[in-house]
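Working notes for the structure below.
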Amino acid sequence: MNRENIYSLKGFSKVYKFTVGQTFKNKAYRVSLIAFIVFFALNSPVNYFMTKNSNSNIIDSDSKDLDKIDAENVYVINGTSYELDGLKIGNARIQKSDSSEEELKNSIGPKDVILVLKKEADGYKINGVVADESEITVQNVNAIAEKAKEIFDDVRMKSVNISDKDAQKLNKGISHSSVISEADYNMEKNKTVPGDVFSRYIMTFTMILFMTLMLLATYILNSVTEEKQSKLVETLLVNVRPMALLMGKILGMMTYMFVVFASGIVVSKITDFVMVNVINVDTRYYGQTAIDFSVFKNANLVQGAFLVLSIVLCYLSFSILAGLFGSACSKVEDNQVASGQIMTIVLITYFLVIGFGMTDENLANHLLSLIPPCSYFTLPIMYMSGRISLPITLLSYAIQIVVLILLLLLSTRAYRNLVLSDSTTPKLKTIFKSAKA
């Protein structure tokens, strides 16, 4: 076979159109498409209601604890300009009082509580006071004071137009429990998303690639093996070059994959618009999920291009590898072995990325970004989140492209020999041996 025939893509368009047509005619793939769209549409709303209900249960639990307090009267001496509205303690009567703390203390009963709110030089203070012979425990008095503090802080924040989300950030305060070097400080300064969002982005993108490879790379492997076992490939190769046959299948399935993701993202954006602007959901709880699809929705043009490029390079590399392994199979048993080898590589990569990626350490981030196949799963997220620089990102893409070219050269030389042979050993050794031949 001459060099022109080895690298020719004659017949590619026919194989590509046939693969796309058969994929969308296939009932299982149509069901998968609908399932993905429904998943994208319902993921955020379902998680929103679960998160909100979970927080509501915590609030209800706190309310039930306060309801168990057997108090008769709660007197509020408010020395501030903010009204303490909404306080409810069991069946107790909440009463505002203009009397002094000492005056009330001498007149309250064993089931009464005094809340004293006052402004001091360093801020506001809330004290809970009970009679000497009080039947209310210190823990319950502290619980009442803590609830009053929550209501007071909420009123105070709203009075200066601070949103609930900003109030949460203010209440978290400042951590001063660690020492950081100048190098680490500069690295932290470049991060554009916090650690929890970064972890969700890594988890989401890794999960998407994992599911994609499980579905589509397996299809390529099975398709190549079936054609070889049925001898159909011998007929196809009369009019179609080997490389055109393999790449037509790969790019045809990639078209299906992008229709799935594009449809899902569009539907997800429509859902977000309806939830936020029509239903007016509480934005504090909306989007707080382990699988965070905002990794796609929040990407700018360059970041979006990097996300797409990583998915394409990852899919092409693993699909070519799957096609090569499939072409070395002659029996169903061989197909299972080959599929297991591909999935082993994917699983090892998945666990490496999840295990080391979640640490969010500088060295781990750079190694995962530069070394294939881990870099397929991590690179765009590392760049989007400010964990690595643009030069490192471009270097990693260059490495990935070189790996893809090497796989293409290997498949060009080995695919025809393997698919026409009676080989039953789906191993790299067999593939390299066929390439040399």
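The values are calculated or read from the model by the stated rules, or taken from the named source; none is laboratory data. Predicted model, so just to flag it, every value in this text is computed and none were measured. Cβ atoms come from the backbone with ideal geometry, glycine included; neighbour counts cover every protein chain shown. Calculation scope for accessible area: heavy atoms of the full protein, side chains included, ligands and nucleic acids excluded. Shrake-Rupley method; radii C 1.70, N 1.55, O 1.52, S 1.80 Å.
Listing for the model above:
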{"read-out": "Filter on 158/191; 68/111; 88/119 - keep pairs with C-alpha separation over 20 Å", "value": "158/191; 88/119"}
{"read-out": "Cα convex hull of the stretch 83-131 - mean projected area over all directions, nm²", "value": "4.1 nm²"}
{"read-out": "Residues residue 312 and residue 351, FRET efficiency given R0 of 25 Å [Cβ-Cβ distance, rounded to 0.05]", "value": "0.60"}
{"read-out": "Fully extended contour minus Cα-Cα distance, from residue 405 to residue 127, at 0.36 nm per residue", "value": "92.9 nm"}
{"read-out": "Inter-label distance for residue 258 and residue 30, nm, one decimal - labels placed 7 Å from Cα along Cα-to-Cβ", "value": "2.4 nm"}
{"read-out": "Pairwise label distance in nanometres, residue 97 with residue 394, each label 7 Å out on the Cα-Cβ vector", "value": "7.3 nm"}
{"read-out": "Average accessible surface area per residue within the stretch 335-400, 1.4 Å rolling probe, Å²", "value": "40 Å²"}
{"read-out": "Protection proxy ranking of 242-255, 118-131, 317-330, 138-151 - average other beta-carbon atoms within 10 Å, highest first", "value": "317-330, 242-255, 138-151, 118-131"}
